[in-house]
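Visitor: Just dropping this structure here.
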There are 2 protein chains.
Amino acid sequence: MRSPAELTQAFRQTGLKVTPQRQLLFGLLHGNTSHPSADVLFALASEAMPGISLRTVYQTLNDLAAMGELQSIDFGTGSARFDPNVTDHQHAVCNECDAVHDVRVSRAPKMSGLEGFDIHDAHIVYRGICADCAS
Amino acid sequence: MRSPAELTQAFRQTGLKVTPQRQLLFGLLHGNTSHPSADVLFALASEAMPGISLRTVYQTLNDLAAMGELQSIDFGTGSARFDPNVTDHQHAVCNECDAVHDVRVSRAPKMSGLEGFDIHDAHIVYRGICADCAS
DNA sequence: CTGCTAATTAGCAATTGATGCGAATTGCGT
DNA sequence: ACGCAATTCGCATCAATTGCTAATTAGCAG
Ligand SMILES: [Mn+2]
Ligand SMILES: [Mn+2]
Ligand SMILES: [Zn+2]
Ligand SMILES: [Zn+2]
């Protein structure tokens, strides 16, 4: 995801308005590696801007995802997780606390056994217990 | 997943009853490689046994999953998919029709960049367009 | 600066997949 | 055949997310 300043330009150029709510979310998401859910972002946003609507959070997240600025990922943890890191990487998910960590993998593994399946991308999810929960 | 006959024994030994509804689902699931959703199984079951409840389908699927006879997998396609194949394998999911295919992968890829994360397992999901949808 | 207008906000209803609950039913060991 | 615990199944409920829309507002033109 680009910086709040760059996003401001990009939004205006697309005919989208840059509201205080959106600016707040730009800031909360930029460089965020915690893979937050909409709920978590709503809680964070509410601290800085009491009264902001969960609906607006969803709206802005969807807008950013549609623009390719972030990815929405479903790890089966109950709610979608949002990742401003759109570079190629993989994830490790804790079975206990649902924390999501970025993982660098050497290369994409090969697939065999399917004829005629046109692969667009491969996603690897490592599941286990994170360092925090291990104690 | 074991055969309906073996499951019948296993259920009785655990104190669980073998009802016609469960027998039907044993049969629908055994050797099934289509990774059906609860909805799909309910539709199939309803043909053979009109009046069967979706609730019962969920119940039995959860029982089987708890016994390790099948796995419930969330591919983010809207509903959980059930897989009676509990051997180590991976999946390819079609972006267009949500079909799920089994894939054999040489071996699990290595992970790096995380200290203290105890990996239990790794799941790979290939996404793209299946042979049927390519036409 | 002022006004216009299309985009946005935010509250609430609706949707979807799945589970909780409980009265009526039924498998199955004795 | 009996008895009782397990099961069924309809309905209410839940959680995450989206649809809808009246009121508000950003941003541009004059
Ligand atoms: Mn990430
Ligand atoms: Mn499978
Ligand atoms: Zn953890
Ligand atoms: Zn397809």
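The values are calculated or read from the model by the stated rules, or taken from the named source; none is laboratory data. Quick caveat, the model's predicted, so the values are computed rather than measured. Every residue, glycine among them, receives a Cβ derived from its backbone with ideal geometry; neighbour counts consider all protein chains shown. For accessibility, only protein heavy atoms count, side chains too; no ligands or nucleic acids. Shrake-Rupley method; radii C 1.70, N 1.55, O 1.52, S 1.80 Å.
Visitor: Residue-wise, which Karplus ³J(HN,Hα) couplings in Hz belong to region B:71-79, taking 6.51 cos²θ - 1.76 cosθ + 1.60, θ = phi - 60°, and x for glycine or proline?
Guide: 10, 9, 10, 9, 9, x, 8, x, 9
Visitor: Could you pull out the trypsin sites (Lys or Arg not before Pro) across region B:28-128 that fall in loop regions by DSSP (anything but H, G, I, E, B) with no more than 14 other Cβ atoms inside 10 Å? Kindly include the intermediate steps, with their values, before the conclusion.
Guide: On the way: sites: B:55, B:81, B:104, B:107, B:110, B:127; in loops: B:107, B:110.
Of the trypsin sites (Lys or Arg not before Pro), the ones in loops of region B:28-128 whose Cβ has at most 14 other Cβ atoms within 10 Å are B:107, B:110.
Visitor: At a Förster radius of 22 Å, what calculated FRET efficiency corresponds to the Cβ-Cβ distance of residue A:85 and residue A:13, to the nearest 0.05? List each step's numbers first, then the result.
Guide: Working: r = 23 Å, r/R0 = 1.05.
Calculated value: 0.40.
Visitor: Right, another one. Using a 1.4 angstrom probe on heavy atoms only, work out the carbon and sulfur share of the accessible area of chain A in %. Display every interim value, and only then the final one.
Guide: Details: 3570 of 7230 Å².
So the carbon and sulfur contribution to the accessible surface is 49 percent.
Visitor: How compact is region B:1-117 by the rule of thumb for globular proteins, expressed as Cα Rg over 2.2 N^0.38 Å? Could the numbers behind the result be given before it?
Guide: On the way: Rg = 16.2 Å, N = 117, 2.2 N^0.38 = 13.4 Å.
Cα-based Rg divided by the globular estimate yields 1.20.
Visitor: Residues of region B:113-135 with accessible area at least 40 Å² lower in the all-protein-chain context than alone (1.4 Å probe)?
Guide: The answer is B:114, B:117, B:120, B:123, B:126, B:127, B:129 - residues whose exposure falls by at least 40 Å² when every protein chain is included.
Visitor: Could you state the accessible area per residue of the protein assembly as shown in Å², with a 1.4 Å probe and every protein chain left in place?
Guide: Working: 14450 Å² over 270 residues.
About 54 Å² of surface per residue is accessible.
Visitor: From Cα pairs below 8 angstrom and at least 6 apart in sequence, can you work out the relative contact order of chain B, rounded to a whole percent? Intermediate values should be presented prior to the final figure.
Guide: On the way: 155 pairs, mean separation 28.1, N = 135.
Result for chain B is 21 percent.
Visitor: Here's something else I'd like to know. I need the semi-axes of the equivalent ellipsoid of region A:67-135: take the C-alpha gyration tensor, multiply each eigenvalue by 5, square-root it, list largest first in whole angstrom. Walk me through the numbers on the way to the answer.
Guide: Working: eigenvalues 117, 55, 29 Å².
So the three semi-axes of region A:67-135 are 24, 17, 12 Å.
Visitor: With each run of n ≥ 4 DSSP H residues scored as -39500 (n - 2.57), what mean residue ellipticity at 222 nm is computed for chain A after dividing by its residue count and rounding to the nearest 500 deg cm²/dmol? Provide the component values of the computation, followed by the final result.
Guide: Values: 5 runs with 48 residues, N = 135.
So the calculated ellipticity at 222 nm is -10500 deg cm²/dmol.
Visitor: Against the longest alpha carbon principal axis of chain A, how many degrees, from 0 to 90 and to the nearest 10, is the axis of helix A:20-29 turned?
Guide: 30 degrees
Visitor: For helix A:4-13, what angle does its Cα long axis make with the longest principal axis of chain A, in degrees from 0 to 90 and rounded to 10?
Guide: 80 degrees
Visitor: Name the residues of region B:89-107, by number, that are at least 50 Å² less accessible with every protein chain in place than in the isolated chain; the surface is that of heavy atoms, probe 1.4 Å, without ligands or nucleic acids.
Guide: B:104
Visitor: Just name one of B:53, B:86, B:65: the one whose Cα is farthest towards the positive end of the charge dipole of the protein assembly as shown (beta-carbon charges, Lys/Arg +1, Asp/Glu -1).
Guide: Looking along the dipole axis, the top candidate is B:53.
Visitor: Compute the long axis of helix B:38-48 from its Cα atoms, compare it with the longest principal axis of the Cα atoms of chain B, and write down the angle in degrees, 0 to 90, nearest 10.
Guide: With rounding to tens, the tilt is 30 degrees.
Visitor: Would you mind giving the total buried accessible surface between chains A and B, with a 1.4 Å probe and ligands, DNA and RNA left out, rounded to the nearest 100 Å²? If you can, show how the numbers build up before the last one.
Guide: Details: alone 8580 and 8560 Å², together 14450 Å².
For chain A against chain B, roughly 2700 Å² becomes buried.
Visitor: So, in nm, how far is label residue A:106 from label residue A:55 when the simple model puts each one 7 Å beyond its Cα toward the Cβ?
Guide: 5.2 nm
Visitor: May I have the extent of the alpha carbons of the protein assembly as shown along their three principal axes, as whole Å values ordered from largest to smallest?
Guide: 65, 52, 42
Visitor: Can you return the lysines within cross-link range of residue B:110? Criterion is Cα-Cα under 30 Å, with same-chain partners fewer than 8 residues away left out.
Guide: Residue B:110 reaches A:110.
Visitor: Would you grab the residues whose amide H sits under 5 Å from the one on residue B:103? Only those 5+ places off in sequence or on another chain, please, with H modelled 1.01 Å from N.
Guide: Counting only residues 5 or more places away or on other chains, the set is B:90, B:91, B:92.
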